[in-house]
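Structure incoming, see below.
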Amino acid sequence: MTSLLASPAASESATAFGNLDLTGWGARDLLKERRALMVQLSAPVTSEGQADAVRAALYLDLAELHLAQMMLPEASGYLAAVDTEGLDARSLARHHSIATTLHLLGATAESFPAIAASEGWTQGVALRTAALARSGDMDADLLPLAVAGLSSLSDPIAAAILPDLLEAALAADDWDAAKALASDFSRHPMLRDSAAYRFLLARASEQSGDVLTAFDGYAEAAQGGDVYAYRARLAIVELGRRTETLPLEDAVALLKTARWSWSGDRYATQGAALLARYAAELGDTQAALWALQRVMTTADSPEEAEQARQHALSVISDFYRAGAAGDMPLDAFIEGHAAIMSHWGLEEGVIESAIALPESLFGAGMTAIAAREFRGLRAIAESAGSMGQSVLDPDVIDRLRRDEAQALLAGGQADAAVDLLISFGDRPDADPQMQRLLIQALSKAGRSDQMTQLRGLALDIDTRRDRAVGLYESGRWDAAKQALDDLRATYPAQFTFADATRLTLAAYQAGDMDTVRRTAAAFPTLTDLPAWEELATGLLGPAPAAEGLSTEMLRLSMANADRVLETVKSVGTGEASE
């Protein structure tokens, strides 16, 4: 409950307190007294000055009447109608006491000014002690005075603060005060069988070591619907886990049910933190992340929110690690991934962890789904900047593009892979792996014209070889010969026997006998393959004109070339030198 009035100003702290007749007003019939006061308020008054004083006194009476009945909004409204200008000292002191009481009854951990303003008010010591207990700054020395001060309060006000006082006494191990306060509960019908009473008695049993009685008390308290019933559910979980009498699965199930019964305060945040802890331990990723998101939203400080965020990122990382290891069914992996990306996709580090899913799909042969998931992750990563998030490392985005292309190629979608890579892989500064993939995609798609245009790029040896092989296999003899000759000139030590064979055959088909002679002359020094010299030099005769070749001659010529290459492949690769 928040304060119903603004916190008292510094100047108000010096205002004298007036004694309130809360017990008297609390014992009266509310409707009858309010009707009588309202009649007096509407009665004519002879002089204007007298009217202001009478009206102020009646509003103060109405405020105190409703305060004594714990009707705080109404009391606050009547008090606000009082013009403090021109009040006599006694009325001003009374106004100050009513306002302070309202502040103390609505005090929270953020209400330190209001609590500080009540220091020195003897009649309000019980109210002040209860407010300190709620704020988490309890002064145990005040407890005996608070117990004695309850007699000056109306029953509704006393009933409102008794649970706070008893909990403070238990926390301070003041058993004398606790016994006195607990005996007072029976005087108030609203507290006698309340969840608050059951909860606090169970707390006392737990502190004294009587675990079974504590469990029974918490279970009874948990049947209610107020904050103490919610706290009782949390207490069952904590006590059950601490004593190893509540299985982890049951603890998580209880917390997941309880999360809908209370919200909006520190106890709700405490419940969310417990759920996050135990759900993560159980491996219930979605419940843990839901809870951590609640903790981040309701955190009291940026540090607490950041701690919850880091915990969430750790939970997400563990989820993807388990999925990649095969510790969960694939459908659960996909479903959990979709839920994570809808809420956490833009968080730092999530994309990198999530790559594990499409990688697992790719490894399982589900290439189309893997490509789709790689594409989805890349879209999220590329949109981070426009969504106000930190832009992902470009290397990660390039990796996602490469992985998507690999999945497309493996699934027979070479043209789609080319379309994905062509604007990135044909740049001189492009990633070598992306260039290699582009060349593979162009080769599989039969788009040799575009592959020929890649000659000017600064390709590494593997990419150069892939391009040359693709041109060779697509029958682009001039381009293949040029590519293989460039490979030989640039990387003479890594120019393999298979490379030399393709160069010889491509040069022959292109009618470049000089290259055939030069390459064939070098081959006998590279291998001991029997009859190689005969096979190679057999190509040195000029290629016949196309119109003079029969279909059978063409078939035999190409078959012979293929036989040479297959023979070479069966022997292995070697090194060639000029």
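Heavy atoms of the protein only, probe of 1.4 Å, neighbouring chains included. What is the accessible area of His343 in Å², nearest 10?
We get 120 Å² for His343.
Full extension from Ala253 to Arg55: what is 0.36 nm times the residue separation minus their Cα-Cα distance, to one decimal in nm?
Extra length from Ala253 to Arg55 when fully extended: 65.5 nm.
Classify the range 26-91: rounded, prolate or oblate, from the alpha-carbon gyration tensor (a ≥ b ≥ c, eigenvalue square roots; a/c under 1.5 rounded; otherwise prolate if a/b is larger than b/c)? Before the final figure, lay out each step's value.
Values: a/c = 2.36, a/b = 1.43, b/c = 1.65.
Verdict is oblate for the range 26-91.
Would you check the accessible area of Asp300, probe 1.4 Å, heavy atoms only, in square angstrom rounded to 10?
140
On to the next question. Any idea what the relative contact order of the range 17-106 is, in percent, if you count C-alpha pairs under 8 Å spaced at least 6 apart?
It comes to 39 percent, rounded to a whole number.
Now for a different question. Say a paramagnetic label sat at a point 7 Å from the Cα of Asp327, along Cα to Cβ; which residues of the range 257-298 have their backbone N under 11 Å from it?
What the label zone holds, given the 11 Å backbone N cut-off, is 281-284.
Could you order Thr122, Thr213, Thr269 by accessible surface area, starting with the largest, using a probe radius of 1.4 Å?
Greatest to least solvent exposure: Thr122, Thr213, Thr269.
Moving to a separate point now. So which GluC sites (Glu not before Pro) in the range 229-299 pass both tests, a DSSP loop state and at most 11 other Cβ atoms within 10 Å of the Cβ?
Hits after loop and neighbour filter: Glu244.
For the full complex of protein chains and a 1.4 angstrom probe, list Glu206, Glu303 by accessible area with the highest value first.
The ranking, largest first, comes out as Glu303, Glu206.
Follow-up question, since we're still on this one. What are the residues whose amide H is under 5 Å from the amide H of Thr496, where those residues sit 5 or more places off or on another chain and H is modelled from the backbone?
Counting only residues 5 or more places away or on other chains, the set is empty.
Counting only protein chains, not ligands or nucleic acids, how are Asp265, Asp395 ordered by accessible area (probe 1.4 Å), most first? Can you show the working numbers first?
Numbers: Asp265 50, Asp395 105 Å².
Per-residue accessible area, sorted high to low, gives Asp395, Asp265.
Another one. Given a Förster radius of 60 Å and the C-beta distance between Ala521 and Gln310 as r, what FRET efficiency does 1/(1 + (r/R0)^6) yield to the nearest 0.05?
0.35
In whole Hz and in residue order, list the ³J(HN,Hα) couplings for the range 130-143 that follow from phi through the Karplus curve 6.51 cos²θ - 1.76 cosθ + 1.60, θ = phi - 60°; x for Gly and Pro.
Values, residue by residue: 5, 5, 5, 5, 5, 7, x, 10, 6, 10, 4, 5, 7, 4 Hz.
Can you compute the FRET efficiency between Ala89 and Gln40 using 1/(1 + (r/R0)^6), with r the Cβ-Cβ distance and R0 = 25 Å? Round to the nearest 0.05.
Calculated transfer efficiency: 0.65.
Sticking with this one: At a 1.4 Å probe radius, carbon and sulfur cover how many percent of the accessible area of the range 276-418?
Carbon plus sulfur share of accessible area: 50 percent.
Using a Förster radius of 22 Å, what is the FRET efficiency between Asp395 and Asp318 based on their Cβ-Cβ separation? Nearest 0.05, please. Write down the numbers at each step before the final one.
Details: r = 24 Å, r/R0 = 1.10.
Efficiency at R0 = 22 Å is approximately 0.35.
If you count only protein heavy atoms and use a 1.4 Å probe, how large is the accessible surface of Leu292, to the nearest 10 Å²?
For Leu292, the solvent-accessible surface is approximately 10 Å².
The values are calculated or read from the model by the stated rules, or taken from the named source; none is laboratory data. Small disclaimer: the values here were computed from a predicted structure and weren't measured. Ideal geometry is used to build each Cβ from the backbone, glycine not excepted, and the neighbour counts take in all protein chains shown. What goes into the accessible areas is simple: the full protein's heavy atoms, side chains included, and nothing from ligands, DNA or RNA. Shrake-Rupley method; radii C 1.70, N 1.55, O 1.52, S 1.80 Å.
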